Protein chains: 2
Amino acid sequence: MNLCNVDIRVKIGQRLRELRTKKGLSQEKFAFTCDLDRTYIASIEQGKRNVSVANIEKIATALDMSIYEFFKSDLFK
Amino acid sequence: MNLCNVDIRVKIGQRLRELRTKKGLSQEKFAFTCDLDRTYIASIEQGKRNVSVANIEKIATALDMSIYEFFKSDLFK
């Protein structure tokens, strides 16, 4: 699958859903963990949000990983 | 140097300056390359901007690298 033209927002959403579900967390529980709104998490996963680095950091921290690890995916290579 | 409490905005600014200067580009030339305003690039490098992923992607592309490579630094581990 050629990922070059896939919008970054969609890639971020895909990566978040992949990691969140791997941890077995609901959107609600995850949103609570990273102190973000559930509907915001849902819209990120739908590829609708141009997320800021500060919120990426909150998300990565809630996933118990660094920002480097969050972006360590073929989606972003 | 313990990077844990360094604000993500400052880390992004440091990383951008490191990579831009490594390529020998002025802020002005770099801003033109990534179609962003020079003063915006300057304020990112001063650690004052909570940059969005879409702009991080523009910056990484102008640096001829992927977002994964942009974050592949001890600053973000």
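For the reader, a short list of remarks on this structure follows.
- Members of region B:65-77 found to be touching a residue at least 24 places away in the same chain (Cβ under 8 Å), open to solvent by 20 Å² or more (accessible area, probe 1.4 Å) and under 19 Å from residue B:24 (Cα atoms), listed by number: B:65
- So residue B:55, is it within 14 Å of chain A (Cβ to nearest Cβ), on the phi < 0 side of the Ramachandran plot and not in a helix (DSSP H, G or I): no
- Residue count for region B:39-72, restricted to those that are of a type in the set (Ser, Thr, Tyr) and under 12 Å from the mean Cα position of the chain (by Cα): 4
- Test: residue in region B:6-14 that is part of a helix (DSSP H, G or I), within 29 Å of residue A:6 (Cβ to Cβ) and more than 11 Å from chain A (Cβ to nearest Cβ): yes
- Condition met for residue B:28 (within 11 Å of chain A (Cβ to nearest Cβ), outside any loop (DSSP other than H, G, I, E, B) and either open to solvent by 20 Å² or more (accessible area, probe 1.4 Å) or not polar (S, T, N, Q) (or both)): no
Yes/no per residue for (1) away from chain B (no Cβ under 13 Å); (2) part of a loop (DSSP other than H, G, I, E, B); (3) touching a residue at least 12 places away in the same chain (Cβ under 8 Å):
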site	(1), (2), (3)
A:19	yes, no, yes
A:32	yes, no, no
A:50	no, yes, yes
A:59	no, no, yes
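- Considering region A:34-48, and only residues there that are in a helix (DSSP H, G or I) and polar (S, T, N, Q), the residue that is farthest from residue B:52 (Cα to Cα) turns out to be A:39.
- Scanning region A:5-17 for residues that are of a type in the set (Lys, Arg) and either in contact (Cβ under 8 Å) with a residue 60 or more places away in the chain or open to solvent by less than 20 Å² (accessible area, probe 1.4 Å) (or both) yields A:11, A:15.
- Residues of region B:30-61 that are touching an Asp or Glu at 6+ places or on another chain (Cβ under 8 Å), of a type outside the set (D, E, K, R) and farther than 16 Å from residue A:12 by Cβ: B:31, B:47.
- Complete set of residues in region A:34-53 that are among the hydroxyl-bearing types (Ser, Thr, Tyr) and crowded, with 18+ Cβ neighbours inside 10 Å: A:52
The values are calculated or read from the model by the stated rules, or taken from the named source; none is laboratory data. The model shown is predicted, which means the values in this text are computed figures rather than measured ones. Positions of Cβ are backbone-derived with ideal geometry, glycine not excepted, and every protein chain shown enters the neighbour counts. Ligands, DNA and RNA are excluded from the accessible area calculation, which covers all protein heavy atoms including side chains. Shrake-Rupley method; radii C 1.70, N 1.55, O 1.52, S 1.80 Å.
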